[in-house]
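Only one structure is covered here, and it is reproduced in the block below.
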There are 2 protein chains.
Amino acid sequence: MTDITILHARWLITCEDRNQVLENHALVIQNGLIQAILPSDAAKQKFPAAKHELYNHHVLMPGMINSHTHSSMGYFRGLADDLALMDWLNNYIWPAEKKWISNDFVYDASMFAMAEMIRNGVTCFNDMYFFLEATAKAAQTAGLRAHIGMTVIDFPTPWAKSFEEYIEKGLAFYEQYKNNALIKATLAPHAPYTVCDEHLIRIKELADQLHLKINIHLQEAPDEITKSMAEFNMRPLQRLQKIGFLSENVIAIHMTQVIEEDWQILKKYKPQIVHCPQSNMKLASGGCPVTKLQSIGLNVALGTDGAASNNDLNMLGEMRTAAFLAKHITQDPTALSAEETLKLATLNGAKALGIDKVTGSLTVGKSADVIAIDLEQIETQPVYHPVSQIVYAASRQQITDVWVAGKQLLKQRKLLTLDEQEILAKAKAWQEKIAAVQLKQSA
Amino acid sequence: MTDITILHARWLITCEDRNQVLENHALVIQNGLIQAILPSDAAKQKFPAAKHELYNHHVLMPGMINSHTHSSMGYFRGLADDLALMDWLNNYIWPAEKKWISNDFVYDASMFAMAEMIRNGVTCFNDMYFFLEATAKAAQTAGLRAHIGMTVIDFPTPWAKSFEEYIEKGLAFYEQYKNNALIKATLAPHAPYTVCDEHLIRIKELADQLHLKINIHLQEAPDEITKSMAEFNMRPLQRLQKIGFLSENVIAIHMTQVIEEDWQILKKYKPQIVHCPQSNMKLASGGCPVTKLQSIGLNVALGTDGAASNNDLNMLGEMRTAAFLAKHITQDPTALSAEETLKLATLNGAKALGIDKVTGSLTVGKSADVIAIDLEQIETQPVYHPVSQIVYAASRQQITDVWVAGKQLLKQRKLLTLDEQEILAKAKAWQEKIAAVQLKQSA
C-alpha cells in the first residue's frame, strides 16, 4: 500500500452535479486518486498512520479548469489595450507574434503562464497556440494537466508555413503524447474567418479518425458575422453545419453572437461552449448567453482567454465576471448563481474537454486535482456561505495549495515545481526585447 | 522644520487631469502634505538628511476614493446573494438591519470595513448608514478620510424613529465634526422612493444653508422608475427637478436608468455621478452610461456600494469591472480606457466629494494620501504600461503601503492603526449571532 495523504478541510465543496458543501471533512488521497471523502473525525480514526494535513480555515475544492487560453500570450500582457478585436489582432498581436514566437519564446512564455495558473488555482488548461512541444515540455515540468491544440490558421507563422505543415507538426505532436496521462492533443482550427472549408473538413475527418476534440473560436464578435455574411452569405455556425463540421466534440469558444437561427443549430449539435467573459467585455465583442444555452441543454465552461486580452489568468475573477455579466445580460439577478458559476470553472470544464470521468469534481475514484482557499481574511469574512465567498469575494492570493493527480504544485503560496524568481527574470528579459521593437515601430 | 519623508518609486502616477506616469521619481512629504515631486536622483541630492524609503518595484499613486459605500454592511457580506434588489432589501437586508444595528454593531462593522478598505488602497470613503458617531469614531482610529452621510429614510430604524429625529441626530453629528480635518458630514436622503417631497425639500434647504453635499441613490433600477411613474407620473429625476432639489452639490448614486428626457435634466444641473458597476451588475439593476455622462460634462466617480451587494470593497476590482462594463455597454473597446478608469477611482472621486483641492491626485500642496502597489509579481509582469497593469491585472494584495495625510496606515501589508486579529475575531462573533437568527427564520 502506498502512502496516504489526508487533507482535512473546514469546508469541502465537491462541485459534483449538486454542489455539496461538507463541513469538517477529509479528503483521502492515495496513488494520485481520491480514495475517500469522510468526516474528519472518522478519517483520523480510520487512518491513524497516514499523513494528516489541516486546512482549518480553508475550502478544499476541485482545481479549476481554464477551458480556453493562449498561455504563451502572457508575455504580451498589457502590450496593447483598449482596442477593437481586429485592430488589436492585425496591428499589435499578429505582428508581435510574427516577430517573436519561437520554440524558446513559447517555452518561456507558457511556463510563465503556468506559474500564474498554478498560483491562481488552475489544475488543467486547454491551450491554443504554436510550438506545441514547447508548451507540453513546460507543462510536464510544471506538473499541470494540459490539453494542447494543434493550431491551424490559413497564413504562415513562425510555426508553420502551410496547412500541410500545420497538420504534419500537429500530428507528430499527437503521436508523441497520445499515451501521456496529463498532456492531451486536441485539434484547433483558429476560427471560421481564418480557415477555409476544405481545411475545416480535413480537420473534422482527423477528429473523427483520432477521436479528438476540436477547439475553434466561434461567433466571437459582430465583425466576424458581417464578414461571413459578405463572403459566404451564411453565419459562421450555418457554414460549419453545412460542411458537416458540428458535433458534441466541437468546443465552440466565445459564442457571443447568437440569433434565432443559431439556436436551432446549437440545439441540434450541442457543441461544448467556452465562455470568456472578461476578454469578451474588454474587446467589446458581446456577451455569451450562458443561461439560455444551458437551458437548451448545452454544456458551458469557462476560460480566461490569453493574458493579452484579459489581462490575467485568474479564474476566480473570471467566475465573478461571468456571474455579473449573466445577471446584467438577462436583467435577472438570480441568473447564474454562485453555485452554478462555480460549476462552469470545474465540472463543466471537465465535461467540455471530455475528462469528467477523471477530474472536475471531488469524487471518489477521480484524480486528486485539488486546491485549498484560505477564507481567514477580512475580505472573505464572515462566512455564511463558502460558495458565495469564493465566487463573489475571494482573491487569487487566498489560494494557498494546489495538487494535480495528488502531486503538490503550490504549498502555502510557494511554487514547488517551478522557480518563481527565474520565471520573473526571464519575463523581464523578454519584455525588454519586445518593448524595444515596439518603441521603434511607434517612433 | 518638521521631518521630511521621501518615497522613491519605480513609477509614480499623478492622476492629475492628465495621468502622468513618471519613472524613478520621488514624492517628498512634509507636515502631511506633498511638498515636491522630483526625479529620485535629485531628491537624494537635495534632501540628504531626510528619511528615504525605496519602492523599487512599485507604483505610487493617490489613494483611491470609494465614493459610495455602506461600510457597516460588511458584516452582511454573503448573507444573501443572487436576489433581486427589492427582494434582497425587503426580505433580507432591512430585516437584518432592524434586528442588529446598534452603536456597537456599527462601530465594529465599520471598523471591519475600514480594515478592508485600507488593505485595498482606499484612503477616503463616502458612507451612508446609521449611528454616524460610531462610524466616525472608527474612522478616527483607522486614520481614514471619511465623508459620513446623515441618512434620512421615511421609516423608523434602530437609529431614529422619525424624520425629525433623523435630522436632529444628523445635525448633532454635523456640529460635532464640522471642524475635523478628515471627517466630514454630508446629507443623505436614502432614495426618492423612501423619502417624501417635503423631507427632500427640507434636506435641500439644509444643504444650501450649511454648504453640504447631498448623497442620494438615484434611478438605480427599473423598479424604481416604474414605482415613481405609478405614484408621481414622473421619473425620479423629473420629480427632483420639480421640487428644486438638483444641483452640482447632489451626488447621484447609481444612475443606471437614463432615457432621453433625463439627459436634458442632467445636462442642466450637472449632479455628481457615482458609478457602482459590481453592485449594479450583481443586482441586475442595469449599467450607468459613464462615457455618455462624461461626454455631456458630468463628473463620474466610482464606488463599491456595501459589501453585502458587491461583495467586497475592492476598488481595483471595481475599476476593472467599470472598464469592462463601459466597453460592453457601448460596444466600443476604446471606451473608458485604463487611464480614464483610474481617474474615476481617484481625482473624480475627490471632485464628487468637493475635496479635489485637498486630495485625489499626487500634486504639490495636496494631502499626502498615497498608496504603493507592488508590480513585481508574475500576474503583473511584464510591465509595458503600469496603468494597464493596475486597472487590468493587479490584485488587492499587491497594495503594500497606504498613507493618509502623511500618516502610514498600512506598511508591507500590515495594518498599523488597527488590530487585524481582533477585527477578525469580532467579525466571527457577530457572524455567529447573525447566522443563528437567520437559520431560525428559514427553519
Square roots of 5 times each gyration tensor eigenvalue, C-alpha, chain A, largest first, Å: 35, 25, 21
Axial C-alpha extent at least 18 Å, average Kyte-Doolittle at least -1.0 - helices from chain A (DSSP): A:103-119, A:163-177, A:197-210, A:315-330, A:420-442
Rounded, prolate or oblate (a/c below 1.5 giving rounded, otherwise prolate when a/b exceeds b/c) for region A:82-220 by Cα gyration tensor: oblate
Accessible area expressed per residue, region A:64-352, with surrounding protein chains retained (probe 1.4 Å, Å²): 30
Positive-pole candidate from A:Asn310, A:Leu212, A:Leu347, dipole of region A:64-352, charges at beta carbon: A:Leu347
Highest-MSF residue in chain B out of B:Cys15, B:Cys124, B:Cys276 [GNM, Cα springs under 10 Å]: B:Cys15
Of all chain B residues, the one whose C-beta is nearest the axis that brings B onto A, in angstrom: B:Gln397, 2
Straight-distance crosslink candidates among aspartates and glutamates, where the alpha carbon sits under 20 Å from B:Lys351 and sequence neighbours closer than 8 are dropped: B:Glu16, B:Asp17, B:Asp127, B:Asp208, B:Glu248, B:Asp305, B:Glu318, B:Glu339, B:Glu340, B:Asp369
Global geometry of region A:329-443, whether rounded, prolate or oblate, following the gyration tensor of its Cα atoms and the 1.5 cut on a/c: prolate
Dipole moment magnitude, nearest 20 debye, the protein assembly as shown about Cα centre, only Lys, Arg, Asp, Glu C-beta charged: 740
Given charges at Cβ of Lys, Arg, Asp, Glu: the protein assembly as shown dipole, positive-most of A:Ala185, A:Tyr166, B:Phe112: B:Phe112
Listing of region B:280-322 residues, each with accessible area lower by at least 50 Å² in the full protein assembly than in the chain alone (probe 1.4 Å): B:Met281, B:Lys282, B:Ala284
Simple Cβ-charge dipole of region A:99-222, Lys/Arg +1 and Asp/Glu -1, about Cα centre, in debye nearest 20: 400
17 Å reach of a label modelled at A:Ala49, 7 Å along Cα-to-Cβ, counting backbone N of region A:14-41: A:29-31
Lys, Arg +1 and Asp, Glu -1 on Cβ, resulting dipole of region B:64-352 about Cα centre, debye, nearest 20: 600
Approximate shape of the protein assembly as shown as ellipsoid semi-axes (Cα gyration tensor, √5λ), whole Å, largest first: 44, 30, 29
Virtual paramagnetic centre 7 Å along Cα→Cβ of B:Ala429, amide N under 16 Å, in region B:58-99: B:75
Gap separating the Cα centres of region A:114-162 and region A:232-271, nearest whole Å: 26
DSSP beta bridge pairing in chain B, given as percent antiparallel to the nearest 5: 45
Residues of type lysines that A:Lys51 reaches as a straight line, Cα spacing below 16 Å, ignoring anything fewer than 8 places off in the same chain: A:Lys407, A:Lys411
Among B:Ile201, B:Gly149, B:Ile243 the positive-end extreme of the charge dipole of region B:132-273 (Cβ point charges): B:Gly149
Complex-versus-alone comparison for region A:370-397, residues with a loss of 40 Å² or more in accessible area, probe 1.4 Å: A:Glu376, A:Ile378, A:Glu379, A:Gln381, A:Pro382, A:Tyr384, A:Tyr392, A:Arg396, A:Gln397
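The values are calculated or read from the model by the stated rules, or taken from the named source; none is laboratory data. Given the structure is predicted, the values throughout are model-derived calculations rather than measurements. All Cβ positions, even for glycine, are placed from backbone atoms using ideal geometry, and neighbour counts span all protein chains on display. Calculation scope for accessible area: heavy atoms of the full protein, side chains included, ligands and nucleic acids excluded. Shrake-Rupley method; radii C 1.70, N 1.55, O 1.52, S 1.80 Å.
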